[in-house]
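The values are calculated or read from the model by the stated rules, or taken from the named source; none is laboratory data. All values derive from a computational prediction rather than experimental measurement. Backbone-built Cβ (ideal geometry, glycine too); neighbour counts: all protein chains shown.
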Amino acid sequence: MAANQLGREIGRASARASKAARFRAELCSSELAFLMEAHDGISAKIVEEAGFKGIWASGLTMSAALGVRDNNEASWTQVLEILEFMSDASSIPILVDGDTGYGNFNNVRRLVKKLCQRDIAALAIEDKLFPKTNSFVGENQPLARIDEFCGKIKAGKDSQLDDNFCLIARTEALISGWGLNEALKRAEAYHAAGADGILVHSKRTTPDEITAFAQRWGDRCPLVIVPTMYYATPTEEFRKAGIAMVIWANHNLRAAITAMRETSRRVYEEASLTGVEGRIASVHEVFELSDNRELIEAEKRYLGPDRKSVRAFVLAATRGEELGPLTKSRPKCMIDIRGTPLLHRLVTTMRESGVSDITVVRGYRKDAISLPNIATIDNDAFEETGEAASLACAIDKLDGPCLVSYGDILYRRYILDNLLDMAGDIVVVVDALWRERGPSSSTVDLVDCSRPFTSGYLDEEESVSLRGIGRGLGEGEVDGEWIGLVKLNGQGAQAVRAELEAMRANGTLARAGLPELFARLLAKGTRIEVMYIAGHWLDVDDAFDLAKARNFL
Ligand code: SPV
Ligand code: MG
């Protein structure tokens, strides 16, 4: 099958053809194809964005971007790393400038395998000696022996993991001054050795020797050129000469150099950014090129329920008299625990769990509560009221999924993560090891549950629910202690709001704590789920607790 026909066949293949198949289709197409240079992930994206159907991963520019010379100073695995980023960053095929193949036939074999594993479509190797020197540096660079170079081509072709992977053999015969006949002889041998295309390079400022080569070559196999030096040649001439593929070999890096120099110079001289802002890509463009949007979508898919929509209410209006002088000038939520206020630690745990919409209900010494990026609501009647009234101050925001937390507690993050994953309209966190907390354990937060915490409680199908809370539970009824943390979903929030309104209406709101609120909900038949934990939390009521809190961290 003639090369052009083969190209059309492949071109008709599915749009999801492999990168190698698409490269082959471009190489073999009857249309002149173009590759644009890229040297890293972002330039690869920019080439694709411009509309190119293929990328030239230039040895010169990848080296230069690393700050080294085009003399194999970067190792082949370092180049491979760059190629991996470029390949991941773009969906169009990449032709890699593989210099001389980084060694002998054996190195080429390994190179080709590694390129295929990274979804690289094609490799060009040139008939010079390792370590190579850029074609435009010096004169009469030595060439490889033809048979030795043919061995590399065969080894490369035998190692490809994708049938459509292309190996382009590049002859430097013209550049090195060996003349047209030598160039043709070499191209012929490389073609016979299995090369999928011939790259014939020239450093003249006119295309004469390239067009002469093309004329004598005919359509034996596709010809690839790099018109860096004969750039003024109209592209139409390449079409007329029957060239298959043109490589614009280094222009993105050169453009970047000019722009970076100008920007650096200006910012340095002006010691200001005003002269450059507006003339350079915006930070937003950087985010767009980095495809930040995709990550936002992925977060929605993989991070489970969107915790950004969960609001947290931290009840922090009380002073905490038991802490004496420590709470003279600040509420107890702001006391220092190893250099950081307790509330700060609590808020950090919430943020680490993805809950960022946090409202703190302040009261005593409210001005001492100053944390960045939190909302505050004030319960100015804090001296005469309890937690239910504090929560009622935020009643307008009690809407949709939310957490309500005492402001004087600390817990391990996994507790919050697990709670956020729990199903149920209202879920309270209950510590089954309440007895171990000792005498300071508050009796008002003790709970009676539908099942005690046993090692097998998770195996039971039915979830555990709350049966009773607060004073009045008999010793044998207590299954744990509510830690001061509850999660509500939309329905739960609605139930709590309605109950707070009812309490306000009948005058019981002011003095009530949250246990009374839960007790009233239970009395109405509202189901309250229990998430058992076994320690790993604490509250800070007195000096003894404070000492424990310092050890907790
Ligand atoms: C490259 O871009 O690295 C090339 C083309 O090999 S040239 O610099 O013209 O040799
Ligand atoms: Mg090169």
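Assorted remarks:
- Residues of the range 381-399 satisfying the condition of being in contact with a Gly (Cβ under 9 Å, 6 or more places away or on another chain) and loosely packed, with under 15 Cβ neighbours inside 10 Å: 381, 383, 399
- Scan of the range 534-548 for residues that are touching an Asp or Glu at 6+ places or on another chain (Cβ under 9 Å) and not β-branched (Val, Ile, Thr), ordered by number: 534, 535, 536, 537, 538, 539, 541, 542, 543, 545
- Count - residues of the range 35-49 that are more than 13 Å from ligand 1 (Cβ to nearest atom), under 24 Å from residue 243 (Cα atoms) and not in a helix (DSSP H, G or I): 0
- Number of the condition not met by residue 87 [criteria: (1) among the small types (Gly, Ala, Ser); (2) closer than 20 Å to residue 135 by Cβ; (3) assigned to a helix (DSSP H, G or I)]: (2)
- Among the residues listed as 199, 180, the single one being within 22 Å of residue 22 (Cα to Cα) and in contact (Cβ under 8 Å) with a residue 12 or more places away in the chain: 199
- Check on residue 125, in contact (Cβ under 8 Å) with a residue 60 or more places away in the chain, under 26 Å from residue 42 (Cα atoms), within 14 Å of ligand 1 (Cβ to nearest atom) and β-branched (Val, Ile, Thr): no
- Filter result (among the aliphatic types (A, V, I, L, M) and either within 15 Å of ligand 2 (Cβ to nearest atom) or closer than 23 Å to residue 204 by Cβ (or both)) within the range 114-145: 122, 123, 124, 125, 129, 137, 143, 144
- Filtered residue count, the range 287-316, keeping only those that are at pLDDT 90 or above, among the aliphatic types (A, V, I, L, M) and not in a helix (DSSP H, G or I): 5
- In the range 84-113, of all residues being under 19 Å from residue 226 (Cβ atoms) and within 24 Å of the chain's Cα centre (by Cα), the one that is farthest from ligand 2 (Cβ to nearest atom) corresponds to 92.
- Annotation note: of 496, 540, the sole residue that is modelled with pLDDT of 90 or more and either surrounded by 21 or more Cβ atoms within 10 Å (Cβ to Cβ) or under 25 Å from residue 407 (Cβ atoms) (or both) is 496.
- When restricted to residues that are among the β-branched types (Val, Ile, Thr) and within 18 Å of residue 160 (Cβ to Cβ), the range 80-114 contains 4.
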